[in-house]
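Here's the structure we're looking at; comments come further down.
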Amino acid sequence: MDALDQKLLDLLARDARLSLALLARRLGVARSTVQYRLERLERSGVIGGYTIRPGRAASAPSIEALVLIAVEPRLQAAVEKRLKALGAVRRLLSVSGSHDFAATLTARSAEDLDQALDEVRNTPGIRRTVSAVVLSSRLERGA
């Protein structure tokens, strides 16, 4: 990747709907150059796909929580498998420090979130959890 590839990725991260012609104009290169570079970045896996992020108006009301999870060492694989199967778990990260995982859970209501947190806490092999309900998002950047 060179500086032009990085500028192209930056533009697409802000708005993945930009046309090839507009991308070319903003980068000061030919449309065919942009097309070639996009195809190369896609083939190499630098660009893994294009998606949308639904806005609040399009999604059902929901509540979100971040959960730090400490696991019994020998049961980590089983716990991971169980957490991946829970519908409320939207993201599961392996983390360093005093916890093994960090999970993002979403639910339609506080009651549903409480039930989802109980499902996480009652998973065999989980030693302890620390939960924080998300009050608002102050910054979201594309992947």
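Using 0.36 nm times the number of residues separating Ser131 and Val95, minus their current alpha carbon distance, what extension gain do you get?
Computed gain between Ser131 and Val95 is 11.4 nm.
Using 1/(1 + (r/R0)^6) with R0 = 35 angstrom and r between the beta carbons of Arg17 and Arg74, what's the FRET efficiency to the nearest 0.05?
0.15
Please state the equivalent ellipsoid semi-axes for the chain: what are the square roots of 5 times the Cα gyration tensor eigenvalues, largest first, in whole Å?
So the equivalent ellipsoid measures 39, 19, 12 Å along its semi-axes.
Taking 0.36 nm per intervening residue step and subtracting the Cα-Cα distance, what contour gain separates Arg138 from Ala85 on full extension?
My answer for the length gained is 16.2 nm.
Using the Cα centre as the reference, give the magnitude of the dipole from point charges on the C-beta atoms of the chain (Lys, Arg: +1; Asp, Glu: -1; all else neutral), rounded to the nearest 20 debye.
Dipole size: approximately 480 debye.
So if each residue of separation counts as 0.36 nm, and I subtract the Cα-Cα distance between Thr51 and Thr33, what length gain in nm does that give?
4.2 nm
Could you tell me the calculated FRET efficiency between Asn122 and Arg43, based on Cβ-Cβ distance and R0 = 30 angstrom, to the nearest 0.05?
Using R0 = 30 Å, I get an efficiency of 0.10.
Evaluate the range 3-43: find the radius of gyration of its Cα atoms, find its Kirkwood radius, and give the ratio Rg to Rh.
Result for the range 3-43 is an Rg/Rh of 0.90.
Using all C-alpha to C-alpha distances in the range 83-143, build P(r) with 5 Å bins and read off the rounded percent in each one.
4, 14, 26, 27, 17, 9, 3
Would you work out which of Thr106, Ser32, Leu12 lies farthest towards the positive end of the dipole of the chain, given +1 charges on the beta-carbon of Lys and Arg and -1 on that of Asp and Glu, about the Cα centre?
Ser32
Laboratory data are not the source of any read-out in this text; all were calculated from the coordinates shown. Computed from a predicted structure; not experimentally measured. As a convention, Cβ positions derive from the backbone with ideal geometry for all residues, glycine included, and neighbour counts pool all protein chains shown.
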